[in-house]
There are 2 protein chains.
Amino acid sequence: MMLIDEIKKRSVHVDAAIDELLPITSPEELYKASRYLVDAGGKRLRPAVLILVAEAVGSDLKSVLPAAVAVELVHNFTLIHDDIMDKDDIRRGRPAVHMIWGEAGAILAGDTLYSKAFEILSKVENEPVRILKCMDVLSKTCTEICEGQWLDMDFETRDKVTESEYIEMVEKKTSVLYAAAARIGALLGGASDETAYALFEYGRLIGIGFQMYDDVLDMVTPQEVLGKVRGSDLMEGKHTLIVIDAFGKGVKPAIFGKGEATPKETDEAVRILTECGSIDYVKNLAISYINEGKAKLDVLPDGPEKELLLQIADYMISREY
Amino acid sequence: MMLIDEIKKRSVHVDAAIDELLPITSPEELYKASRYLVDAGGKRLRPAVLILVAEAVGSDLKSVLPAAVAVELVHNFTLIHDDIMDKDDIRRGRPAVHMIWGEAGAILAGDTLYSKAFEILSKVENEPVRILKCMDVLSKTCTEICEGQWLDMDFETRDKVTESEYIEMVEKKTSVLYAAAARIGALLGGASDETAYALFEYGRLIGIGFQMYDDVLDMVTPQEVLGKVRGSDLMEGKHTLIVIDAFGKGVKPAIFGKGEATPKETDEAVRILTECGSIDYVKNLAISYINEGKAKLDVLPDGPEKELLLQIADYMISREY
């Protein structure tokens, strides 16, 4: 069973549902700006997690599709606003929303996706009590994403960040949306609160592993595969866990926070981070988070969906970019 | 029965509920930025409408308080993001949020209020079906507010705006939140969908009247009362209904879109807009919207709350600023 094919099979339905639930209506340019990044692709991993969990607990794709769309819209809303805040001008290989519609347009496009996500989630056909629980999960998650982004920006102004601060940031900025996707899939599928919480933990743990592995990829993946300059996190002075661990060992790569570096300087930085063990440390920690996450799937009956959720967890730390 | 006293009596509870439901927690600066404008005051008119409607249909303040807070937070979220987009640096007599925490901080502060509003609304103790209806109302309203702000920004780039375009913009940008407040109060209070819709119409109509009267105030209120330069809408080149009506009559004040004007030039602009009848036209139209809105209150039983809702409608077109 090929993971990519199985995700694709479901993302086709997600894309069709996006077309139906977020049509380009009036004012046309606002909706074009809102749809632009959504339509630029992305792996639709979060909707896939939500749908697979729902299927695993005995529900079906069709009945949770609006919820899967809601989670994907929240993801895209955060990317649009983050790109304004971080002054990132390229996203998914295309100009960021604010580069085309200006900052004001991008703020509004994000806000529109935000409210549409809640509007669409409230339209799921299911027991009101379950939908309300999902609303609570999604709104809390959005608050935590804001907190995570705030921490991330705050870290940029600091000389030192601890490992636990880093994990809190990653948990909030990245992993809670995976966690929410899994929990919402479980709740809508009629799982008990306990099962839903175990699946929340699955999403949270693999989300943390995902982000840690992202930091590793930044060090070891050639630019032609990664789509951005290797070592760019280092040059930007980001306190990734690799940097935090290396600093703790008294190792500071010369290119840290320098804004740019020659390939040779980057090689040297990677060499010293490898030698002091920091890259391996983070890689292994990512693997242990993934394994912990996979163990949470014990609450699910064996079957193809559980198998795919295990594969998604492994994918987090086996992907090339 | 003094309207201001009655609103104040309720806003004390709203403020206490804000303190409880949106505490300054970690990351502290994010929550300070989120609370800053909320704490700077404002008349709490929207919560008052929500609470009075709920009381009028037989519910009580306490049980709808979180919903009243949610509506106030949405209002403040829109102000924070609008001020970034419109580059307005002063709000409620204090520096705007983005002047203190930067644009990135203000984007996040707004986003946080947005998700908190939904989180808090999902916490209302009431029948799940009713709460879901309210969620649907609030999320749709937020989408419309985005559409209204987009239209408002779009109008600034245009030479001509029609009266119906103006009314659509005002309806979405300003009045739907009054409408939502009234409808949510009714729904949570257990009113029928029909009654809730009539009250939605009350809010919508008085909201439109409110904004039209705002445009009149900009022309006729001295700076020391209004808190901003008289005629500033004109100087900024805003297509208010007064301007739209005057343009239709072939009248174009010299200071329109000029960015600044002497008091004498402003007097002259007001004189010609008065003479051609445009100020009176808008004033009378505002009054007719208010009267139409008041008529919608016929669905309510007579009593002190209905009386206060009628007074709020009148206040929209009798206030000095």
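Take each peptide in A:283-293, B:68-78, A:232-242, count the other Cβ atoms within 10 Å of every residue, and average; sorted highest first, the result is B:68-78, A:232-242, A:283-293. Under 5 Å from the amide H of B:Arg230 lie the amide H atoms of B:Gln223, each residue being 5 or more positions distant or on a separate chain, with H modelled from the backbone and absent for Pro and chain starts. Look at the stretch B:76-86: the mean tally of other chain Cβ atoms within 10 Å of its residues' Cβ atoms is 2. Where the centre of each part is set by its Cα atoms, how far does the stretch A:167-189 sit from the stretch B:189-230, in angstrom? Their Cα centres are 40 Å away from one another.
Taking a ≥ b ≥ c as the square roots of the eigenvalues of the alpha-carbon gyration tensor, the stretch A:13-118 is classed prolate because a/c is 1.5 or more and a/b outweighs b/c.
Mind pulling up the Rg/Rh value for the protein assembly as shown? Radius of gyration and Kirkwood radius, both on Cα. Write out the running numbers ahead of the final one.
Details: Rg = 26.4 Å, Rh = 26.2 Å.
With Rh from the inverse mean 1/r over Cα pairs, Rg/Rh is 1.01.
Neighbouring Cβ atoms from other chains, within 10 Å of the Cβ of residues in B:136-144, number 5 on average.
The Rg/Rh ratio for the stretch A:3-316 is 0.98, where Rg is the radius of gyration of the alpha carbons and Rh is the Kirkwood radius.
Other chains near A:25-36: what is the mean number of their Cβ atoms within 10 Å of each residue's Cβ? Write out the running numbers ahead of the final one.
On the way: counts 1, 4, 11, 1, 2, 8, 2, 0, 1, 2, 0, 0.
Average neighbour count from other chains, rounded to a whole number: 3.
Relative protection proxy for A:198-206, A:165-173, A:217-225, from highest mean packing down: A:198-206, A:165-173, A:217-225 (other beta-carbon atoms within 10 angstrom). Within the shell defined by Cβ-Cβ distances under 13 Å, the residues around A:Ala182 carry a net charge of +3, with Lys and Arg each +1 and Asp and Glu each -1. For B:Thr143, what charge total do you get from the other residues with a beta carbon under 10 Å from its beta carbon, if Lys and Arg give +1 and Asp and Glu give -1? Cβ neighbours under 10 Å give a net charge of -1.
Scanning residues 5 or more positions from B:Arg94 or on other chains, none has an amide H under 5 Å from its amide H, with H placed 1.01 Å from N in the peptide plane. Amide hydrogen proximity for B:Gly257: with H placed 1.01 Å from N in the peptide plane, the residues at 5 or more positions away or on another chain lying under 5 Å are B:Met235, B:Glu236, B:Gly237, B:Lys238. Based on DSSP H segments of at least four residues, each scored -39500 (n - 2.57), the protein assembly as shown has a per-residue ellipticity at 222 nm of -24000 deg cm²/dmol.
Simple point charges give the picture: +1 on the Cβ of Lys and Arg, -1 on the Cβ of Asp and Glu, and for the stretch A:12-112 a dipole about the Cα centre of about 240 debye. The residues packed around A:Lys258, meaning those with a beta-carbon under 12 Å from its beta-carbon, carry a net charge of -2 if Lys and Arg are +1 and Asp and Glu are -1.
When the Gaussian network model of chain B links Cα atoms closer than 10 Å, the mean-square fluctuations of B:Cys276, B:Cys134, B:Cys142 top out at B:Cys276.
For A:Lys62, the aspartates and glutamates whose Cα falls under 17 Å of its own Cα, not counting residues fewer than eight places away in the same chain, are A:Glu6, A:Asp15, A:Asp19, A:Glu20, A:Glu72, A:Glu125, A:Glu127, A:Glu305.
Throughout, read-outs are computed from the coordinates displayed, never taken from laboratory work. All values derive from a computational prediction rather than experimental measurement. Neighbour counts run over all protein chains shown; Cβ positions are idealised from the backbone, glycine included.
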